[in-house]
Amino acid sequence: MINIKEDERLNKLNHSCAHLLAQAVKHLYPQAKFWVGPVIDTGFYYDIDLGDQVVKEEDLETIEKEMKKISKDGKKIIREEISKEEALEKFKEDPYKLDLISRMNEEEQIISCYRQGDFTDLCRGPHVETVKEIKYFKLLKVSGAYWKGDSNNKMLQRIYGVCFEKEEDLTTYLEALEDAKNRDHRKIGKELEIFMTDDLVGRGLPMFLPKGYILWQELENYIKEKEKELGYLHVMTPCVGNVELYKTSGHWDHYKENMFPMMEVEGESFVLRPMNCPHHMMIYANKMHSYKDLPIRIGEIAHDFRFEASGALKGIERGRHFCQNDAHIFVTKEQIKEEFKNVVDLIFDVYKDFGITEYRCVLSLRDKEDKEKYYPDDAMWDQAENELRSVLKEIGISYEEEIGEAAFYGPKLDVNVKPAVGNEITLSTCQLDFCLPQKFDLKYVDKDGEKKTPVVLHRAILGSLDRFIAYILEETKGALPTWLAPVQVKVIPVSSEYHLEYAKEVFKTLKKHEIRVELDDRNEKLGYRLREAQTKKIPYTLVVGASEEEAKTVNVRKYGSIETEEIPFEKFLQNIKEEIKKKRH
RNA sequence: GCCGAUAUAGUUUAGUGGUAAAACAGAUCCUUGGUAAGGAUCAGCGGACAGUUCAAUUCUGUCUUUCGGCACCA
């Protein structure tokens with residue numbers, strides 16, 4: 001989909017459209033005060049304070065009409081420059097504008113405004129020449145948005161829209177939005193019976209259905225195999241822990257808001273764990289380690305529970321229970337660089353297998369000013385941040401640094417992707433931690449016989465299995481690669497009366513070779529049964545009738561293709577087994 | 001959590017101040033077929049709790065769910 005912010009002409013057009021929106025809103029709601037109206041990747045929005053009034057979805061049409069009216073009127077958009085003093089005087093009734101002016105650089109004494117007819121807005125520009133050029137636009141949605149993005153602040157009204165040069169571009173864009181909705185994992189997950197939710201079970205607590213659990217197990221086995229090859233040791237730990245465990249780790253202080261409330265039983269207090277780092281710390285502490293043992297890599301497909309804000313829940317992409325593909329790697333300070341590189345290599349090795357090519361790497365660093373959130377050890381932080389940075393540079397992946405995004409215990413690398421609908425999500429993460437090992441007083445005996453504290457790398461490659469499944473459902477639109485498909489082959493006898501025996505033979509042989517196969521011997525028309533195999537996105541459909549029975553062949557149709565091929569059954573069996581074994585994109 | 005919307009059959013949707021419709025899926029029967037929907041019959045529905053009303057699925061309120069955003073985040 002086109003990125004509007006990065007296209008020079010569209011950027012200008014959308015920015016001007018935001019002004020047009022503001023002008024229309026001012027006509028309809030004279031009390032309106034305006035905050036900012038930036039261009040974003042998907043169009044533009046404007047944040048507006050309407051006092052006690054609220055814009056509803058049904059009002060968008062009225063606003064659009066007013067915008068069209070102003071556009072037709074065709075006023076010129078005129079740039080005006082005034083001094084800072086003049087601006088302060090001109091907008092003295094408008095606290096939002098005053099805020100914007102006061103945030104400008106000391107040196108900036110000249111302030112530019114754009115005027116169109118009866119409306120003037122503070123703005124750097126650039127804009128199109130006249131409002132007449134703003135013709136093919138649509139207001140998409142309205143919502144609340146906190147002023148300056150801070151939930152302690154007042155909530156303003158945000159109206160989203162998009163504008164194009166040509167009508168057909170707008171139509172194409174709106175169709176693409178619809179298309180994205182059809183790719184949404186919540187829709188596909190329901191259609192293909194991957195997972196379900198139920199009010200009675202509870203909000204944000206999805207359940208995997210038989211077909212979904214097959215997918216789940218394949219992914220679990222896949223990643224565990226990879227990890228085993230790399231020297232990971234897998235463990236299993238309980239989902240409930242004594243609250244003292246989390247007080248020791250510091251999570252109780254830093255993370256309580258996101259945890260289910262404490263359970264008090266027989267004088268003891270327990271919590272549902274939001275993560276399993278502390279459990280793995282205790283596993284490390286279970287015995288004395290030598291420097292020769294490090295790195296020690298402890299992995300777990302771990303069930304965790306987080307009390308996510310109700311508005312944040314989103315199918316299996318974000319629930320209150322999820323399963324992390326988690327591991328904690330205990331290393332010496334000297335090993336940080338190499339092991340971090342190993343993890344990054346593993347991430348991209350996995351991405352290659354799944355054909356994931358569109359992602360954004362973020363190096364999350366601490367905010368040096370925020371003394372409260374982050375573990376206070378500047379030397380450690382500096383060292384850690386520098387080492388991660390140097391590994392990323394060495395490997396040569398492009399990344400962005402974000403200040404203040406680090407975990408309280410250390411800096412991290414996040415790999416983010418865009419879902420079909422909604423904001424960017426983190427798929428993989430690797431976090432450096434020099435804090436927990438100290439809190440749990442972990443030690444290893446070094447060469448010189450001295451006890452030293454290791455450093456920990458927290459990492460998740462598939463992130464959470466739940467989220468990863470959501471992601472690949474959207475990427476594949478539900479047409480999963482054969483090795484992941486819950487049903488890999490559908491066998492359809494042309495006639496259940498005459499060809500059933502051979503069909504059963506094919507079915508049984510495939511089953512014996514652990515191919516996930518279904519036999520459709522229902523008394524339905526062939527076309528009907530074929531259609532169903534296609535809508536369920538089954539990778540291979542085998543039609544068998546008289547000629548196939550005679551020649552011991554199968555008529556193969558691959559999902560998404562209308563071509564068919566008659567090949568010896570033995571050959572098909574061999575091919576599919578090889579394909580599944582490869583597990584490659 | 002906040003702002004707004006939303007809730008009808010297993011699913012996707014229609015409709016109504018007088019107890020509800022269709023398609024697909026399901027069951028039974030007929031149909032015996034060559035690459036995306038053969039036919040007939042049957043069964044199945046108003047998120048919860050209040051209020052207004054002779055009468056509420058329909059109007060109002062509260063709660064809950066889901067969705068779009070904000071904030072938060074694997």
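Readers should treat all values here as calculations from the given coordinates under stated rules, not as data from a laboratory. In this text, all values refer to a predicted model and were calculated from it rather than measured experimentally. With ideal geometry, Cβ positions are generated from the backbone for all residues, glycine too; neighbour counts draw on all protein chains shown.
Laid out as a table, the results:
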quantity	calculated
At most 11 other Cβ within 10 Å, DSSP loop - GluC sites (Glu not before Pro), the stretch A:10-82	A:57, A:58
Rel. contact order, % - alpha carbon contacts under 8 angstrom, at least six apart, chain A	10 percent
Residue A:268-residue A:73 FRET efficiency (beta carbon distance; Förster radius 51 Å; 0.05 resolution)	0.10
Sites residue A:1 and residue A:448, calculated FRET efficiency, Cβ-Cβ separation with R0 60 Å, nearest 0.05	0.55
Label-to-label distance, nm, for residues given as residue A:360 and residue A:237 (7 Å Cα→Cβ offset)	3.2 nm
Using θ = phi - 60° and Karplus 6.51 cos²θ - 1.76 cosθ + 1.60, couplings along the stretch A:56-68 (whole Hz; Gly, Pro as x)	9, 4, 5, 6, 4, 4, 4, 5, 4, 4, 4, 4, 4
Cα centroid separation - the stretch A:62-124 against the stretch A:176-197, whole Å	43 Å
DSSP-assigned coil residues among GluC sites (Glu not before Pro) in the stretch A:145-184, each with at most 16 further Cβ atoms within 10 Å	A:165
Shape of the stretch A:285-398, Cα gyration tensor, a/c cut at 1.5	rounded
Fully extended contour minus Cα-Cα distance, from residue A:379 to residue A:130, at 0.36 nm per residue	84.0 nm
DSSP bridge pairs, chain A: antiparallel proportion in percent, nearest 5	80 percent
Trypsin sites (Lys or Arg not before Pro) within the stretch A:356-458, DSSP loop, no more than 13 other Cβ atoms inside 10 Å	A:368, A:371, A:373, A:447
Difference of contour (0.36 nm per residue) and Cα-Cα distance, residue A:200 to residue A:150	14.6 nm
Gyration tensor verdict on chain A (Cα atoms; rounded if a/c is under 1.5, prolate if a/b is larger than b/c, oblate otherwise)	oblate
Stretchable slack from residue A:109 to residue A:176, in nm (0.36 nm times residue separation minus alpha-carbon distance)	19.7 nm
In nm, spacing of pseudo-spin labels at residue A:99 and residue A:53 (7 Å Cα→C-beta vector)	2.0 nm
